[in-house]
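Below is one structure; the comments refer to it alone.
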Amino acid sequence: MIITVASGKGGTGKTTIATSLALAIETRPLTFLDCDVETPNAHLFLNPGWQEHQEIGILIPRVDGVRCNGCGICAQVCQYHAIVVIGGKTLVFPELCHGCGSCTLNCSENAITEELHPLGMLECGLSQEELSQENLFFARGLLNVGEPMAVPVIRDLKNWKFSPETEIVIRDAPPGTSCPVVESMRGSDFILLVTEPTPFGLHDLKLTVQVVEELKIPAAVVVNRDGIDNGELDIYCQKVGLPILLRIPMQRQIAAVLANGRPLVAAFPEYIPRFRKLYMNIRSLAHEALQ
């Protein structure tokens, strides 16, 4: 079962919920993927011992100016507009290229070859957090500074065979509703939406719900920093049929332990059964959605 933990905005506690869920679940082995490749931070809570590193990238076109006849077919087939032909000369814009290879396949003069353009790094290891029982496989992607495209890194992370097949995979998605979030969600069995009871939290939750509905994946909500709103969040969730499965109260002591890099369920063991119940509810809702 693949569970993606997402949120419409940063700072809602998405990683707090994702890591606590992974640590509380009794089923082992378990796989955790930090898909927030621009600012990954789940490792701060799961403390993996790094075992493997792999550089990744995409193949971008390189044009041989001698062979190229300037026909422009490569530019026509490139849906990302990464190639243009000006004055009979073919120009490549690597920042726009998605590495689909259409230009190379359609070049009648064999004037286009492909070269690897590094985008980032994949890293993996076993979590050393005590609750992981030394059987929680952790992997993350790291996008190189200045690179504009996170999606290829997330896609490679999802497909990376760094661990044996596990019954449960938890993905910690990037915040927001952009393409990296969609790629993190794609292929999931369930989306767990983490929000906070603030005007911004509710606004961005509504945007994320639209994405989830478009992907047709069952979802539910976890409310973090509960107790500071006027009830509008509950009214919205009830209106759109989103069950609220867990509430984490607004408490200074919780913020303090998280700021020190301790997982919620490690600092407050009384939350372990609550997160286990959360997982069982997720399984039940996912099963109902298949009926």
*Does Thr177 qualify as being of a type in the set (S, T, N, Q), modelled with pLDDT of 95 or more and outside any loop (DSSP other than H, G, I, E, B)?*
no
*asked:* Among the residues of the stretch 265-286, what is the count of those that are touching a strand residue (DSSP E or B) at 6+ places or on another chain (Cβ under 7 Å), buried (at least 20 other Cβ atoms within 10 Å of the Cβ) and under 15 Å from Thr19 (Cα atoms)?
replied: 1
*Select from the stretch 74-89 the residues that are touching a Cys at 6+ places or on another chain (Cβ under 7 Å) and at pLDDT 95 or above and write down the one among them that is nearest to Gly146 (Cα to Cα).*
Ala82
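In this structure, is Pro40 closer than 26 Å to Leu143 by Cβ, out of contact with any Cys (no Cβ under 8 Å at 6 or more places or on another chain), outside any strand (DSSP E or B) and not charged (D, E, K, R)?
Details: closer than 26 Å to Leu143 by Cβ: yes; out of contact with any Cys (no Cβ under 8 Å at 6 or more places or on another chain): yes; outside any strand (DSSP E or B): yes; not charged (D, E, K, R): yes.
Yes; evaluated as a whole, the condition is true for this residue.
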*Do we have any residue at all in the stretch 159-169 that's under 25 Å from Arg140 (Cα atoms) and among the hydroxyl-bearing types (Ser, Thr, Tyr)?*
yes
*Total residues in the stretch 200-253, condition free of Cβ contacts under 8 Å to residues at least 12 places away in the same chain, part of a helix (DSSP H, G or I) and within 30 Å of Glu270 (Cα to Cα)*: 5
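So in the stretch 80-128, with the set limited to residues that are acidic (Asp, Glu) and over 22 Å from the mean Cα position of the chain (by Cα), which one is nearest to Cys68 (Cα to Cα)?
First, the residues of the stretch 80-128 that are acidic (Asp, Glu): 95, 109, 114-115, 123.
Now narrow it down to the ones that are over 22 Å from the mean Cα position of the chain (by Cα): 109, 114-115.
Numbers: Glu109: 6, Glu114: 15, Glu115: 17 Å.
Checked the stretch 80-128; the qualifying residue nearest to Cys68 (Cα to Cα) is Glu109.
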*Selection count, the stretch 46-71, where residues are aliphatic (A, V, I, L, M), under 14 Å from Lys89 (Cβ atoms) and either in the same structural domain as Asn144 (by TED's automatic domain parsing) or surrounded by 15 or more Cβ atoms within 10 Å (Cβ to Cβ) (or both)*: 1
_Of everything in the stretch 240-263, what is aliphatic (A, V, I, L, M) and either under 29 Å from Pro48 (Cβ atoms) or touching a Leu at 6+ places or on another chain (Cβ under 6 Å) (or both)? Give them in sequence order._
Leu245, Leu246, Ile248, Ile254, Ala255, Ala256, Val257, Leu258, Ala259
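Given the criterion more than 23 Å from Asn47 (Cα to Cα), assigned by TED's automatic domain parsing to the domain that holds Ala6 and among the basic types (Lys, Arg), identify the matching residue among Arg283, Arg276. Reasoning before the result, please.
Working: Arg276 fails: more than 23 Å from Asn47 (Cα to Cα).
It is Arg283.
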*Boolean, Gly141 is at pLDDT 95 or above, of a type outside the set (A, V, I, L, M, F, W, C) and either assigned by TED's automatic domain parsing to the domain that holds Leu23 or under 16 Å from the mean Cα position of the chain (by Cα) (or both)*: yes
*Quick one: what pairs do we get from the stretch 81-108, first residue at negative phi, second of a type in the set (Asp, Glu) and surrounded by fewer than 19 Cβ atoms within 10 Å (Cβ to Cβ), C-beta under 6 Å, 6+ apart or different chains?*
Thr104/Glu114
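The values are calculated or read from the model by the stated rules, or taken from the named source; none is laboratory data. As the structure is a computational prediction, the values presented were derived from the model and not from experiment. With ideal geometry, Cβ positions are generated from the backbone for all residues, glycine too; neighbour counts draw on all protein chains shown.
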